[in-house]
Amino acid sequence: MLALLALSSAALADTDCARQDRSAWMPESQFRERMKRQGVQITKFRITPGHCYEIYGFDAAGRKLEIYYDPVDARPVEEVASSHLASPRHP
């Protein structure tokens, strides 16, 4: 399973999520606020070489997440990992 996740992560690193200029992207602060309203706790945020917003964190139910989003409209592009491990705030 770890090999599959590593393979998925490597494949997504080459995926182009947004072809638009960065001026068309949703600001990181707005994206983070949208995720917060959806109950997502972001523990790590980064912009991938393929121009995706990638987050690691926990959803409202406490499931561990790794999801790639299109930075223009915050549309989920790919969910790489999700588990039922409880987050620190969801024991």
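I need every pair where a residue in the range 58-77 that is on the phi > 0 side of the Ramachandran plot has its Cβ under 6 Å from the Cβ of a residue that is assigned to a loop (DSSP other than H, G, I, E, B) and buried (at least 16 other Cβ atoms within 10 Å of the Cβ), sequence separation at least 6 or different chains.
That search, which allows pairs on different chains as well, returns Gly62/Ser87; Ala74/Met26.
Within the range 14-45, which residues are assigned to a helix (DSSP H, G or I) and among the acidic types (Asp, Glu)?
Glu28, Glu33
Can you say whether Ala13 is modelled with pLDDT under 90 and surrounded by 11 or more Cβ atoms within 10 Å (Cβ to Cβ), as far as the supplied structure shows?
Yes: the conditions hold for Ala13.
Being at pLDDT below 95, of a type in the set (Gly, Ala, Ser) and loosely packed, with under 13 Cβ neighbours inside 10 Å is the filter here; which residues of the range 24-72 pass it?
Ala60, Ala61
How about the range 46-57: which of its residues are touching a residue at least 12 places away in the same chain (Cβ under 8 Å) and either of a type in the set (S, T, N, Q) or assigned to a strand (DSSP E or B) (or both)?
Ile47, Thr48, Tyr53, Glu54, Ile55, Tyr56, Gly57, listed by residue number.
The values are calculated or read from the model by the stated rules, or taken from the named source; none is laboratory data. Computed from a predicted model, the values in this text were never measured in an experiment. Backbone-built Cβ (ideal geometry, glycine too); neighbour counts: all protein chains shown.
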